[in-house]
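Peer 1: Before we start, here is the structure in question, set down as structure tokens.
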Amino acid sequence: MQNPGMKAGGPPDGGYGWVVVTSAFFIMGLTTGVLKNFGLFFLEIQNHFGVLTSTTSWVTSTMIVMFHLGAPVASVLSMHCTQRAVIMMGGLLTASGMILASLDLSLPWMYLSIGVLQGLGLSFSWLPANSIVSHYFLKWRPIAYAIASSGECVFAMVFSPFFQWLIEVYTWQGALLIIGSLQLNICVCGALMRPLESKPHNPTKPNKDNHQDSKAADDPMPKKLSFQWTLLRKPEFLLYILFAIFAAAGFFIPPLFVVPYATSLGLKNYWAASILSVLALADLLGRLACGWLANLRLVRNLQLLTMVVTMLGVVLLLLPIGKDYSVLLVFSSLYGFLFGCVVAIHVMSIVDIVGLEGFDSGLGLFMLFRSIGGFIGPPAAGWLVDLDKDFGACFYLSGLVLIISGVFVVLVDRLVERKKASPSDTELEATQAFAYKMGVKLVVSESNCK
């Protein structure tokens, strides 16, 4: 029997899909929303163990590494199990990491609990949540993904003062215990991620052959998909991976250096820190606005991505012009808004490149290779700041690599459109075979394929 919310031959595009979007909204907040605010614990952990800054930074670095490296594993598990099962597994890993870290045994214990367990849990929760939203929507996919991803921004704004209050009242160990308990709600959200029915509903006349076909269609053991490593053979997907590497190198630089840059201009700590709150709000508005714009289908997603990522690079190149709070706040708001626009469409654009059937594998590979840029970008920016003795250098680097990443998106868009204009040999063979069965002679000339 067909899923009541499932349209024949396609995603539901509504109905229970909005429950899935709401669940994904909370999952984003309880994963990447927590990750964005984990810096509040940095000095507490460093002072407690009495170690160097570089030693303490391995806690966060390990978590980011595992978050990206776990993406292909999460994709494979989603294909062989369900997104629901993987998300619930991720919720258990995430909560276990925080709760075990609150025991405060040693710094290596923090590497294992927060770094490995929390990082893997974030990956196992975040990636399947993005995946299932894309499977539930077609027409409304841009706005659905924008709403789901905005959970990261909303929770980031709320968690910043909330985490600081928890640390002051219950110490950082107690705060980690409470946060871990909150992250158990990821399992609840995962339980709401109802898998879609994969078999189509094709009513036919009840004859012998159709009866056998019906038995095969009702087989409770559906065919399992395998991870599509062959996507790496697609030139357009390889170019999109290059976009991911360069873009990630620029993404992680501004949030790390905008507050130190503001402090170096003489702003007080309170005013410097308030820039991050404005960034989060602008990020939220950007995700919703770009999701709505993409849903209008005025331009292709890849064209829209090219425009916003290029403008983002230009804004970062101009950001060091700001020498007082008001000007810096304007450029930071523009950065946050455009960053939200990029985040709203850069993941769902994978569907335009590899199709919905290759999305899970494509997203896993995208995340895996994106980690390269995330690891190289911030250290390279820090090295430039030490060399030039000016925080403006890091924003120049960030803006430059983001503009370069936009060039790769242009190339991807051209390749995708060229493939749409000229059908592949496989498609022609399938068309000819169908025509032969129907008793129609089909002649295709080379000129018609160009």
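The values are calculated or read from the model by the stated rules, or taken from the named source; none is laboratory data. Every value quoted in this text rests on a predicted model; they were computed, and no experiment measured them. Reconstructed Cβ throughout: ideal geometry from the backbone, glycine too, with neighbour counts over all protein chains shown. Quick note on the areas: whole protein, heavy atoms, side chains included, nothing else; ligands and nucleic acids left out. Shrake-Rupley method; radii C 1.70, N 1.55, O 1.52, S 1.80 Å.
Peer 1: Just list whichever of Lys234/Lys420; Lys139/Lys234; Lys323/Lys389 have alpha carbons separated by over 23 Å in the model shown. Mind dumping the intermediate values first?
Peer 2: Details: Lys234/Lys420 14 Å; Lys139/Lys234 26 Å; Lys323/Lys389 16 Å.
As for pairs spanning more than 23 Å Cα to Cα, those are Lys139/Lys234.
Peer 1: Residue separation times 0.36 nm, minus the C-alpha to C-alpha distance between Ser422 and Asn47: what's the value?
Peer 2: Working: separation 375, 0.36 × 375 = 135.00 nm, distance 6.21 nm.
My answer for the length gained is 128.8 nm.
Peer 1: Measuring from label point to label point, each 7 Å out along Cα→Cβ, what is the Gln173 to Val158 span in nm?
Peer 2: Taking the simple label geometry, Gln173 and Val158 are separated by 2.9 nm.
Peer 1: Still on this structure, I have one more. Could you work out how much longer the chain between Ser181 and Thr55 gets when fully extended? Use 0.36 nm per residue separation minus the Cα distance between them, nm to one decimal. Please report the intermediate quantities before stating the final value.
Peer 2: Working: separation 126, 0.36 × 126 = 45.36 nm, distance 2.72 nm.
Additional length available on full extension: 42.6 nm.
Peer 1: Okay, moving on. How much accessible surface area, in Å² rounded to 10, belongs to the heavy atoms of Asp104 with a 1.4 Å probe?
Peer 2: So the heavy atoms of Asp104 present about 40 Å² to solvent.
Peer 1: Further, regarding this structure: On the accessible surface of region 228-436, probed at 1.4 Å, how many percent belong to carbon and sulfur atoms? Could the numbers behind the result be given before it?
Peer 2: Details: 6690 of 9460 Å².
Carbon and sulfur: 71 percent of the exposed surface of region 228-436.
Peer 1: Next question. Residue by residue through region 323-330, what is 3J(HN,Hα) from phi via Karplus (6.51 cos²θ - 1.76 cosθ + 1.60, θ = phi - 60°)? Round to whole Hz and write x for glycine and proline.
Peer 2: Each residue of region 323-330 in turn: 10, 9, 4, 5, 5, 5, 5, 5 Hz.
Peer 1: How big is the convex hull of the Cα atoms of region 228-436, per residue, in Å³? Please report the intermediate quantities before stating the final value.
Peer 2: On the way: hull volume 25.0 nm³, N = 209.
Dividing the Cα hull volume of region 228-436 by its residues yields 119 Å³.
Peer 1: Quick one: check the C-alpha center-to-center distance for region 57-76 versus region 231-268, whole angstrom.
Peer 2: One Cα centre to the other: 17 Å.
Peer 1: Going by Cα centres, region 107-155 and region 311-385 are how many Å apart?
Peer 2: Comparing the Cα centres of region 107-155 and region 311-385, I get a distance of 17 Å.
Peer 1: Once Lys and Arg get +1 and Asp and Glu get -1 on their Cβ, which of Gln173, Thr94, Val20 lies farthest toward the positive end of the dipole of region 12-196?
Peer 2: The residue sitting farthest along the positive end of the dipole is Val20.
Peer 1: Next up: With viscosity set to 0.890 mPa s at 25 °C, what whole-number translational diffusion coefficient in µm²/s follows for region 12-196 from Stokes-Einstein and a Kirkwood radius over Cα pairs? Show your work: numbers first, answer last.
Peer 2: On the way: Rh = 16.5 Å.
Calculated translational D: 149 µm²/s.
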